[in-house]
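In what follows, a structure is listed as structure tokens, so that the remarks can point back to it.
The values are calculated or read from the model by the stated rules, or taken from the named source; none is laboratory data. Everything numeric here is computed off the predicted structure, so don't read it as measured data. Neighbour counts are summed over all protein chains in view; Cβ atoms, including those assigned to glycine, are modelled from backbone coordinates with ideal geometry. Calculation scope for accessible area: heavy atoms of the full protein, side chains included, ligands and nucleic acids excluded. Shrake-Rupley method; radii C 1.70, N 1.55, O 1.52, S 1.80 Å.
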Amino acid sequence: MKVEPDDSPALLATREGVAKVQAALRGMGLDGWLIYDFKDRNPIGRSLLGLEWTTRRGFALVPASGRPRLLIHAIEHSSWRHLDWPRESYSSRAEMVEGLRALLAGCDRAAAETSARGDVPYLDLLPAGIRDVIAGTGVELRSSGDLVSTFHAVWTPAQREEHGRASEIVRALARDAFARAADRVSRGETVTEGALSRWIRDELERRGVPAQADCIVAVGPKAADPHYDPGEAGEPIRAGDLLLIDLWGAVHGNSVPADQTWMGYLGGELPPRIGELWRTLRAARDGVVASLEARHARGEATRGFEADDVARRIVADAGYGDYFIHRTGHSIDRDLHGSGPNLDNLETRDDRVLVPGVGFSVEPGIYIPDDVGMRTEINVFMGPAGPEVTVSERQRDVFLLL
């Protein structure tokens, strides 16, 4: 996997970055942001702080005003030397507890990577034991979710451009994969889910999106498992099959992946029931986008769970709510499943705001066990002028492949 070098300093290693975070803290009525890490347990905090290698518990406090401060283990000053902040060190556990109390002195409410009731598990990175220690200081912890979205999950202009390029590569490859399957079937040749998967993975790399690249190829009832893996062979693809292709990849390791799902039917006329399922999912997908656009036009923010509610209501009203078994969409940043807000009020309750600069998938699905699975997926970026669908073509109808 090609990874483009990123020589820019971590956000909190710059005075400008600290100033931006402090302004946000004051706007949210918070006294500080406490970032905790132990042996890479908090990748969000490590990225913001520019940490590379640690083996002991460390704490960084960015107050709403004044200089950030550190509490670190006595043997790990070298790992934190790039941060020119006042620091205290500890050796024993008792010293750590007292040091944490001193670090938080003057704070009543602080943000941290935590989530009440575990509603957003992607943010629930603070161990229960450390929460107990902080509770003993009298400090009230609040989720850092919207801070993480604003300062970690947002895309840079370069990432937006690279994601757009990846989106068009992924879109074109999906069409070519359907054409390849249809050609083999029409000529009476055997093509399996596994063989088509291997070809797609090879093409993702060859066409320029090798990072985090993979796919799901599933026919008929197999697609009722949303994360189906056909293995080396899987099922043969035959005339009369409904075919799902989900594929993703990024230009390089610091880029933002494109993630799309497309549907095709190995026949010349779509069965009415399949058409009904498709129209339901298309309405749910486009309903989410329309809701985001309308709320942006009114100057209203949208939270992740609210976007999920839009899609879930449309699917439920059509009678398929019990078969929509996953969230409507996941955050996408440098990771395919990113650290920003998800469109989710089912698996979790994601109350984070879809702030400008974040991106995510919109992918409602219907999965009827031992019968049929179907999904449509696009990516959306919250741009300065409102939500942007990042691919030039949304699938309007199931492709008729024969």
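Projecting label points 7 angstrom from Cα along Cα→Cβ for S392 and R198 puts them 3.2 nm apart. Only the Cβ atoms of Lys and Arg (+1) and of Asp and Glu (-1) were treated as charged; on that basis the dipole of segment 27-177 about its Cα centre amounts to roughly 120 debye. With contacts taken as Cα pairs under 8 Å and at least 6 residues apart, segment 203-324 reaches a relative contact order of 19 percent.
Counting only protein heavy atoms and using a 1.4 Å probe, what share of the accessible area of the chain belongs to carbon plus sulfur, as a whole percent? Looking at the chain in its full context, I get 48 percent from C and S.
Rolling a 1.4 angstrom probe over the protein heavy atoms with all chains in place gives segment 341-402 an accessible area of 34 Å² per residue.
The relative contact order of the chain comes to 15 percent, based on Cα pairs under 8 Å that sit 6 or more residues apart.
Put simply, when 251-264, 317-330 are sorted by average Cβ atoms within 10 angstrom per residue, most first, you get 251-264, 317-330. Close amide H pairs (under 5 Å, H built 1.01 Å from N) link L400 with Y265, residues at least 5 positions away or on another chain.
A 1.4 Å probe run over the protein chains yields, for segment 25-117, 48 Å² of accessible area per residue, whole-number rounding. Distance from the C-alpha centroid of segment 281-307 to that of segment 7-82: 34 Å, rounded to the whole angstrom.
Scanning residues 5 or more positions from G329 or on other chains, those with amide H under 5 Å from its amide H are L343, E363, with H placed 1.01 Å from N in the peptide plane.
On full extension, the segment bounded by A128 and D108 gains 5.3 nm, given 0.36 nm per residue less the C-alpha separation. Computed extension gain for T14 through R41, at 0.36 nm per residue and net of the alpha carbon distance, reaches 7.4 nm. Remark: segment 96-104, residue by residue, has Karplus-estimated 3J(HN,Hα) of 5, 5, 5, x, 5, 4, 5, 4, 8 Hz, where x stands for each Gly or Pro and the curve is 6.51 cos²θ - 1.76 cosθ + 1.60 at θ = phi - 60°.
Only helices enter the 222 nm calculation for the chain: every DSSP H run of n ≥ 4 contributes -39,500 (n - 2.57), and dividing by all residues gives -10000 deg cm²/dmol, rounded to 500. A simple rule links phi to the HN-Hα coupling: the Karplus curve 6.51 cos²θ - 1.76 cosθ + 1.60 with θ = phi - 60°, which for segment 28-36 gives 8, x, 10, 8, x, 10, 9, 10, 10 Hz, with x for Gly and Pro.
For R109, the amide hydrogen comes within under 5 Å of the amide hydrogens of D31, E140, counting only partners 5 or more places away or on other chains and with H modelled in the peptide plane.
Scalar couplings 3J(HN,Hα) for segment 302-314, obtained by applying the Karplus form with A = 6.51, B = -1.76, C = 1.60 to θ = phi - 60°, are 10, 9, x, 5, 5, 5, 4, 4, 4, 5, 5, 5, 5 Hz; x denotes Gly and Pro.
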